[in-house]
């Protein structure tokens with residue numbers, strides 16, 4: 001299991017024991033912590049305006065923090081070791097987009113250090129189980145007069161099958177989209193479309209393979225995020241305005257994202273009509 005630390009003198013690692021993740025923070029000096037919290041963290045990367053200028057920022061937080069059980073040893077052959085039980089382990093997920101903004105979701109340990117820089121440890125692990133897509137409705141329907149466009153949704157292990165059909169001549173096209181939401185960010189992906197008659201299509205969750213234990217302070221430089229993102233599979237380019245991700249980079253699909261499915265019927269000069277449903281991904 002690779003580890004990456006942006007904190008001098010600190011090396012993180014974790015292991016899974018009896019279904020629970022235990023994070024070990026090895027440090028050359030004692031961590032004078034005030035409290036230790038665990039939970040599902042949000043890693044927010046955004047630009048903040050300040051008058052005529054703006055600056056890129058990293059803001060981590062834990063959605064529903066809980067006080068952690070921990071053990072601490074000092075002066076051993078590995079230096080000082082702080083062992084923290086995280087609890088249930090979920091895969092990391094989230095998205096990044098151009099100018100290195102976005103939000104990632106991952107299990108975390110937050111070490112609150114008074115009069116110093118806090119320490120964060122994130123477990124960035126891809127899903128280790130098959131994913132299942134579950135739409136709240138099995139049929140999406142849009143109409144215009146007596147003309148109809150229908151999408152029949154059929155989840156199977158590891159993918160979502162859909163059948164689009166159009167009747168009548170009002171709709172120029174019918175398209176099926178899946179929408180991912182995380183925090184303030186939303187990303188639409190076209191599953192497929194039909195111009196007339198019927199069309200079958202499938203959608204599969206994005207799965208990558210990674211396993212990283214990351215340690216950082218509550219602040220991070222953009223260059224450090226670039227290093228992490230490339231290690232997780234993102235294509236990051238550099239230019240005159242800084243680093244950027246082309247389009248939307250989805251780290252991985254999983255329970256940490258919110259999903260929606262929408263059928264959109266195009267009526268030419270008239271506004272599109274649509275039908276939506278929520279969806280979830282589980283195992």
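Only the coordinates and a few stated rules stand behind these numbers; no lab work does. Computed from a predicted structure; not experimentally measured. Glycine gets a Cβ as well: all are built from the backbone with ideal geometry, and neighbour counts include every protein chain shown.
Taking Cα atoms, how many degrees apart are the long axis of helix 222-231 and the longest axis of the chain, rounded to 10 and kept between 0 and 90?
Computed tilt is about 70 degrees.
Taking every pair of Cα atoms in the chain, average 1/r, invert it to obtain the Kirkwood radius, and report Rg/Rh to two decimals.
1.07
In nm, what is the difference between 0.36 nm times the number of residues separating residue 221 and residue 201 and their Cα-Cα distance?
Here the answer is 3.0 nm.
Given 5 Å bins starting at zero, what is the percent of C-alpha pairs of region 17-60 in each, up to the one with the largest pair distance?
5, 12, 13, 16, 15, 15, 10, 8, 4, 1, 0
Pop a pseudo-label 7 angstrom from the Cα along the beta-carbon direction at both residue 274 and residue 112 and give the gap in nm to one decimal.
The modelled label-to-label distance comes out at 4.1 nm.
Based on the Kirkwood radius over alpha-carbon pairs, what value in µm²/s does the Stokes-Einstein equation return for the translational diffusion coefficient of region 98-222 at 20 °C and 1.002 mPa s?
Answer, rounded: 117 µm²/s.
Based on the mean of other beta carbon atoms within 10 Å per residue, what is the order of 63-72, 208-217, 30-39, most packed first?
Going from most to least packed, we get 208-217, 30-39, 63-72.
So what's the back-of-envelope 222 nm ellipticity for the chain, counting only DSSP H runs of four-plus at -39500 (n - 2.57) apiece and dividing by all residues, rounded to 500?
Value at 222 nm, helices only, nearest 500: -1000 deg cm²/dmol.
I want to verify a result. In a Gaussian network model of the chain, Cα cutoff 10 Å, which of these has the top mean-square fluctuation: 20, 204, 52?
52
Report, in whole Å, the centroid distance computed from the Cα atoms of region 189-246 and region 83-129.
Each part's Cα centre sits 16 Å from the other's.
Output the relative contact order of the chain, whole-number percent, from Cα pairs under 8 angstrom with separation of 6+ residues.
Details: 733 pairs, mean separation 61.2, N = 283.
Worked out over the chain, it gives 22 percent.
At R0 = 45 Å, how high is the FRET efficiency between residue 190 and residue 69 if r is their beta carbon distance? Nearest 0.05 is fine. Let's see the in-between values first.
Working: r = 46 Å, r/R0 = 1.02.
After rounding to 0.05, the efficiency reads 0.45.
Quick one: grab Rg to one decimal and Dmax as a whole number for region 1-128, Cα atoms only, in Å.
Reported Rg and Dmax, both Å: 15.7, 53.
Work out, step by step, the length gained on full extension between residue 240 and residue 32: first 0.36 nm times the residue separation, then minus their alpha carbon distance; give nm to one decimal.
70.8 nm
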